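To start, the structure under review is shown below, and the notes come after it.
What follows draws every value from the coordinates through simple rules; no lab data is involved. This is a predicted model, so every value here is computed, not measured. Heads up, the Cβs are rebuilt from the backbone with ideal geometry, glycines too, and the neighbour counts pull from every protein chain shown.
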Amino acid sequence: MYKTLSEIKQALESKAVSSLELITHYLGVIQQLNPSLNAMISVHEQAAIEAAKQCDQLRASRSADTLPALCGLPIIHKDIFCTVQSKTTCGSQMLANFEPHYDATIVSRLRQAGMIQLGNANMDEFAMGSSNETSFFGPCYNPWSLSHVPGGSSGGSAAAVSAGFSPVASGTDTGGSIRQPAAFCGVTGLKPTYGTLSRYGMVAFASTLDQAGYFANDMRDIALLLDHSAGQDPNDSTTRNYPEPNGIAAEQVGDKPLTIGVPAFMSDHSLPAAISHAFDETLAVFKRLGYSVQTVELPHSQYAVPTYYVIAPAECSSNLARYDGVKYGFRSSNSHNLESLYVNTRTEAFGEEVKRRILLGTFALSSGYYDAYYEQASKVRTLIKRDFEQAFNNVDLILTPTTPSTAFKVGEKTSDPIAMYQSDLYTLPASLAGLPAASFPAGFSEGLPIGMHLAANRCMERYLIQSVARFQQETDWHLKQPNIERDTP
Ligand code: GLN
């Protein structure tokens, strides 16, 4: 089958395949493999088939240049984006029956561009986690090894693309939730600059960090999705202009030779040999492509994990205050007054990790502790941001591995939250600084994928897109496919 949107688009245009055939194919793969992977929370078979028929009719009755640009192409959305045609659960019992009244901006923009939503992907509850194990709907498994996690929080989206459920999927990334699962599942993932994709209709976790993005089998597909969904939205005042619609042709290389920065802290980290080797090999490929390499100092990035795990819980504690059993979502049925309604609703319907974050965050914001925790963390965040500003005076991109290990085993870190948080080591600095960053496949270790991580300066997605696309012309890591063990009945 076709791996990329670009290939599918061509096949549809040349009438080698119909949209109905395509959508039926993907629904078939989902039906066959999802019982093993649990990557989907809902599948919209009927709606997807209807939409495919409409696309085929449209294509038969119109000239190609008057069709919506992505007419008939499939996508899976993370179950954090509001969609009127289905429930949006956010992986939580709290929203298990929540039916939104409006579509998230990225959902409606991609639908207007002609895309067909196959279903909604599994995720950590309220996007809090690095393994997809906190989902109310059960863990999702890694297509490369069913005893390993796919990463999180957008684990379902990454696993779905890796397993061939869809060529592309959306995700969200607050501290690494696109890049880390992309690395664990051997797919490409991009988190754009904060404010590039609208947060309207995306369930909030930590609003100064939350950013949507995409997974695909190659970087060119992600550029295509951004072209049709990024840019200002009157419903989200933090959105920015995305100045280059259709302008980031992946093959088109910037005029000036780019420079890659390698953080000085990399020499202090002891990484598994296979990851160090993949890192060196990735640098070697870029050097062959004409990139120069230089060391950069990012001295405050070493504080990114504690900084993030104060700021994100603080913001989550205030965002999740809305789930009180009154307005919408789960309502406890054993309450005798308003206070017990609040307490029982939240006690019954939030999972352990979400409760831990709410408690930590409430503590960090409480009077007497605010200065010591939240304010202190905000100051360190500014220092991390400044380090990047300085570094980007000298380099265009910063390379690290995406994760300090390959995918870990299901259950391995669930009883040790600190060990789980450490797996975000390399993704958190770019999140705290609001920078665009991508993970792309760059090797394997014992059958599990290795991802490399490039970060760029604010609004410089084009360097990421061009560089990863060039890397993917030189290498074939992104073309490898897992051989999924079937669930034995
Ligand atoms: N793993 C991080 C966390 O648990 C990041 C999650 C995310 O990016 N949504 O908070």
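Label point 7 Å out from residue 444 along Cα-to-Cβ: which residues of region 123-160 have amide N under 12 Å?
Flagged as within label range: 144-145.
Could you give the alpha-carbon Rg of region 19-58 over 2.2 N^0.38 Å, rounded to two decimals?
1.24
With a point put 7 Å past each Cα toward its Cβ, work out how far residue 385 is from residue 372 in nm, to one decimal.
2.6 nm
Reachable aspartates and glutamates from residue 287, Cα under 18 Å, same-chain residues fewer than 8 places away excluded?
Those aspartates and glutamates meeting the cut-off are 251, 255, 396, 474, 476.
For residue 277 and residue 84 in the same chain, what is the full-extension length gain: residue separation times 0.36 nm, less their Cα-Cα distance, in nm?
Gain in length upon complete extension: 64.8 nm.
Wrap a convex hull around the Cα atoms of region 117-264, take a quarter of its surface area, and give that in square nanometres.
It is 10.4 nm².
For region 1-138, which semi-axes, largest first and in whole Å, follow from the square roots of 5 times the eigenvalues of its Cα gyration tensor?
In descending order, the three semi-axes are 29, 16, 12 Å.
Pairs of alpha-carbon atoms within less than 8 angstrom and 6+ residues apart define the contacts here; what relative contact order does the chain have, in percent?
18 percent
Provide the packing ranking of 148-160, 297-309, i.e. peptides ordered by the mean count of other C-beta atoms within 10 Å per residue, highest first.
So the peptides 148-160, 297-309, ranked by packing, come out 148-160, 297-309.
Label-point separation (nm) for residue 208 and residue 14, each offset 7 Å from Cα along Cα-to-Cβ?
In this crude spin-label approximation the distance works out to 5.2 nm.
Can you give me the Kirkwood hydrodynamic radius for the chain, using every pair of distinct Cα atoms, in Å to one decimal?
Here the Kirkwood hydrodynamic radius works out to 22.5 Å.
For region 285-365, run through the trypsin sites (Lys or Arg not before Pro) and keep only the ones in DSSP coil with at most 13 other Cβ atoms within 10 Å of their Cβ.
327
Which lysines, if any, have their Cα less than 26 Å from the Cα of residue 15, not counting same-chain residues under 8 positions apart?
3, 53
Taking every Cα atom in region 283-418, find the radius of gyration and the maximum pairwise distance Dmax, and write them in Å.
When restricted to the Cα atoms of region 283-418, Rg and Dmax are 21.1, 70 Å.
Can you tell me the Rg and the Dmax, both Å, for the Cα atoms in region 387-461?
When restricted to Cα atoms, region 387-461 yields Rg and Dmax of 14.2, 43 Å.
Between residue 237 and residue 475, 0.36 nm times their residue separation minus their Cα-Cα distance comes to what?
Here the segment from residue 237 to residue 475 would lengthen by 81.7 nm.
Based on DSSP H runs of at least 4 residues, each adding -39500 (n - 2.57), what is the mean residue ellipticity at 222 nm of the chain after dividing by all its residues, to the nearest 500 deg cm²/dmol?
So the helix-based figure for the chain works out to -11500 deg cm²/dmol.
Beyond a 20 Å Cα-Cα separation, which of these cross-linked pairs lie in this structure: 78/385; 355/379; 191/355; 87/327?
Over 20 Å Cα-Cα: 78/385; 355/379; 191/355.
Please work out how much length the chain gains when fully extended from residue 64 to residue 335, using 0.36 nm per residue of separation minus the C-alpha to C-alpha distance, in nm with one decimal.
Stretched out fully, the residue 64 to residue 335 stretch lengthens by 91.7 nm.
May I ask what percent, to the nearest 5, of DSSP beta bridges between residues of the chain are antiparallel?
About 70 percent, rounded to the nearest 5.
Sort all Cα-Cα distances of region 354-488 into consecutive 5 angstrom bins from zero, then give the percent of pairs in each bin up to the one containing the longest distance.
2, 8, 13, 15, 16, 15, 13, 9, 5, 3, 1, 0
Take the Cα coordinates of region 343-399, assign each an equal point scatterer, and use the Debye formula without solvent to give log10 I(q)/I(0) at q = 0.19, 0.29 Å⁻¹.
With no solvent term, the Cα-only Debye profile gives -0.77, -1.05.
Give me P(r) over region 255-338, computed from all C-alpha to C-alpha distances, binned every 10 Å, as integer percentages.
In order of increasing distance, the bins hold 13, 24, 21, 15, 14, 11, 3 percent.
Among the aspartates and glutamates, which fall within straight-line cross-link reach of residue 9, defined as a Cα-Cα distance under 14 Å, with same-chain neighbours fewer than 8 residues apart omitted?
Within the straight-line cut-off, residue 9 pairs with 21, 56, 65, 221.
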